[in-house]
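Remarks on the structure that follows.
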Amino acid sequence: MNKKLPKIAVFPGSFDPITKGHIDLVTRACSVFDKIIVAVGVNSQKKYLFSLEERLRWLELVFADNDQVKVGHFEGLTVNYCKEVDAHFLLRGLRNASDFDYEKTISQLNTIIGDNVETVFLISKPEYSHISSTIVREIIKGKGDVSAFVPSIISSELNTQNT
Ligand code: ADP
């Protein structure tokens, strides 16, 4: 008997913080995969604006109503985490040519070092392709309004902190 295995994808990133661009990508990918694990990759050398706990809490809140989406975090190689959670797919977004150049190399390396892991790319919708967590962090540091770029749960929490 050949039971079809569920298609599980890991969507790795820093999510510092999660943006409307990330959310759109995950929502669209729900028609491609049975389960998506949005996973925060922890790099001890990297400086983050928001703590891991805060980023995970926001991810849990944002995807609370979506049964297909789980939240996780990992240290080390993404392909090792894929093995741990039994995922054979990596989900990544492409906004522009520089995303492509970077992602192409990583994807090719992951095919070599991973155990049967394919990267699936979704092109960002035009209305989200200008959004990046980097830009959002700069606006937050400058005390600007990020409500056009992040889910309302995050912008309202940030506004409360600013008042
Ligand atoms: P990283 O630290 O790996 O760059 P990010 O949290 O910035 O992680 O992004 C994770 C993934 O989400 C990447 O594949 C990135 O291309 C994608 N992504 C980021 N912003 C957007 C967006 N606005 N639209 C579509 N995909 C996006």
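The values are calculated or read from the model by the stated rules, or taken from the named source; none is laboratory data. Treat the numbers as computed from the prediction; the structure is a model and nothing was measured. Counting neighbours? That spans all protein chains shown, and the Cβs are built from the backbone with ideal geometry, glycine included. Calculation scope for accessible area: heavy atoms of the full protein, side chains included, ligands and nucleic acids excluded. Shrake-Rupley method; radii C 1.70, N 1.55, O 1.52, S 1.80 Å.
Filtering the stretch 35-64 to residues that are at pLDDT below 95 and not charged (D, E, K, R) leaves Asn43, Ser44, Gln45. Remark: pairs (first residue in the stretch 64-76, among the hydrophobic types (A, V, I, L, M, F, W, C); second residue surrounded by 14 or more Cβ atoms within 10 Å (Cβ to Cβ) and part of a loop (DSSP other than H, G, I, E, B); Cβ separation under 8 Å; 6+ apart in sequence or on different chains) = Val69/Cys30; Val69/Phe63; Val71/Phe63.
Listed here are the residues, each with its yes/no results for (1) at pLDDT 95 or above; (2) open to solvent by 50 Å² or more (accessible area, probe 1.4 Å).
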position: Pro126; (1), (2): yes, yes
position: Ser129; (1), (2): yes, no
position: Ser133; (1), (2): yes, no
position: Val150; (1), (2): yes, no
position: Ile154; (1), (2): yes, no
position: Leu158; (1), (2): no, no
position: Gln161; (1), (2): no, yes
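Yes or no, residue by residue, for (1) surrounded by 18 or more Cβ atoms within 10 Å (Cβ to Cβ); (2) more than 15 Å from the chain's Cα centre (by Cα):
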{"site": "Val38", "(1), (2)": "yes, no"}
{"site": "Lys46", "(1), (2)": "no, yes"}
{"site": "Glu54", "(1), (2)": "no, no"}
{"site": "Trp58", "(1), (2)": "yes, no"}
{"site": "Phe63", "(1), (2)": "yes, no"}
{"site": "Asn80", "(1), (2)": "no, yes"}
{"site": "Glu84", "(1), (2)": "no, yes"}
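For the stretch 4-34, the set of residues classified as near the ligand (Cβ under 8 Å from one of its atoms), under 19 Å from Val79 (Cα atoms) and out of contact with any strand residue (DSSP E or B) (no Cβ under 9 Å at 6 or more places or on another chain) is empty. For the stretch 129-161, filtering for residues that are without any contact (Cβ under 8 Å) to a residue 60 or more places away in the chain, assigned to a helix (DSSP H, G or I) and not small (Gly, Ala, Ser) leaves 9. For the stretch 86-97, the set of residues classified as within 12 Å of the ligand (Cβ to nearest atom) and open to solvent by 80 Å² or more (accessible area, probe 1.4 Å) consists of Arg95 only. Restricting attention to the stretch 65-78, the residues that are among the charged types (D, E, K, R) and surrounded by 14 or more Cβ atoms within 10 Å (Cβ to Cβ) add up to 1. Across the stretch 111-128, the qualifying residues are those that are in contact (Cβ under 8 Å) with a residue 60 or more places away in the chain, within 9 Å of the ligand (Cβ to nearest atom) and not in a helix (DSSP H, G or I), and the one among them that is nearest to Ala87 (Cα to Cα) is Leu122.
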